[in-house]
1. Looking only at helices (runs of 4 or more DSSP H) that fall completely inside segment 171-249, which ones have 3 or more residues that are under 29 Å from L117 (Cα atoms)?
2. When the residues of segment 215-249 are narrowed to those that are at pLDDT 85 or above and small (G, A, S), which ends up farthest from the chain's Cα centre (by Cα)?
3. Identify all residues within segment 166-175 that are at pLDDT below 90 and either surrounded by 21 or more Cβ atoms within 10 Å (Cβ to Cβ) or of a type outside the set (A, V, I, L, M) (or both); write none if there are none.
4. Go through A140, A113 for me and flag whichever is part of a helix (DSSP H, G or I), modelled with pLDDT under 90 and under 24 Å from I34 (Cβ atoms).
5. Out of all the residues in segment 142-158, which are over 14 Å from T92 (Cα atoms) and touching a residue at least 24 places away in the same chain (Cβ under 8 Å)?
6. Sort through G212, G163, G192 and tell me the only one that's buried (at least 18 other Cβ atoms within 10 Å of the Cβ), farther than 15 Å from L79 by Cα and over 15 Å from the mean Cα position of the chain (by Cα).
7. Scan A225, A215, A191, A183 and give me the residue that is farther than 14 Å from L49 by Cβ and in contact with a Cys (Cβ under 7 Å, 6 or more places away or on another chain).
8. Only one of these is among the hydroxyl-bearing types (S, T, Y), within 29 Å of K166 (Cβ to Cβ) and crowded, with 23+ Cβ neighbours inside 10 Å: S102, S54, S38. Name it.
Amino acid sequence: MSSLIDHLHLVAATFLLAGLVKGVTGLGLPTVAIGLLSLVMPPDQAAALVVVPSLLTNVWQMAAGPALGPLVRRLWPMLAGVCAGTWAGSGTLTGSGAGTASAGLGIALVVYAAFGLLAIRPRRVPAGAEWWLGPLAGAATGLVTAATGVFVIPAVPYLQALGLEKEDLVQALGLSFTVSTLALAGSLAGAGALDPRGAGYSLLALAPAVLGVFAGQWVRRAVSALVFRRCFFAGLLMLGAHLAVKGLA
């Protein structure tokens, strides 16, 4: 954790910004935090720092919605796929795969940013296809999570394609991210990248993250959500491109 100690101010600022993004958009905390922290430390160490803030803020988001029980019953095949995919890819972030993980993270961010900037709306998933498409989307998300620490692709487009009401979608995102965070934590712990000391550092990162979430909720009421999202995705695109080139160099 020497990189963390050397960059405490950057870590605090990163989680403040990541929390702000989540407060405005309902997602993006791990994406922003891991993307920025990977500029100064290995991706597995950045992912370990994200565990506690991501878990608690997403549990909060999941619990605040109106229909947790029905969503769990509907989405459990996808969630099981997330766990299976994450554990199947366990260890990708650590050791000799660090450079590949950095490139993978960059590519994942570029894809995610492109979806956001182009306002691509995925086609509606037919109800009869959820039983097989959900586990596939979950497993793919798990593999991306294991390789990059980021769990938005393809989980977010899949959930958006289910035709959920706004509040249900926000709660479904919180549910998906909670399960993904737990699966990632288990994967990191199994690979030795998340130990009690690292968990303690992650707990300290919770304070600026929560402060950022509250600030983001204020910004959401004061600033056009469309303008904010465009700026967010443009910044994410540049960050992802930089990480991809750095990882492949």
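The values are calculated or read from the model by the stated rules, or taken from the named source; none is laboratory data. Keep in mind the model is a prediction, meaning the values are calculated, not measured. Heads up, the Cβs are rebuilt from the backbone with ideal geometry, glycines too, and the neighbour counts pull from every protein chain shown.
1. Fully inside segment 171-249 and qualifying: 206-222, 225-248.
2. Here the residue is A215.
3. K166, E167
4. A113
5. Correct list: F151, V152, I153, A155, V156, P157, Y158.
6. Checking each option against the conditions leaves just G212.
7. On the way: A225 fails: in contact with a Cys (Cβ under 7 Å, 6 or more places away or on another chain); A215 fails: in contact with a Cys (Cβ under 7 Å, 6 or more places away or on another chain); A191 fails: in contact with a Cys (Cβ under 7 Å, 6 or more places away or on another chain).
Just one listed residue meets the conditions, A183.
8. Step by step, each of S102, S54, S38 is checked, and only S54 is among the hydroxyl-bearing types (S, T, Y), within 29 Å of K166 (Cβ to Cβ) and crowded, with 23+ Cβ neighbours inside 10 Å.
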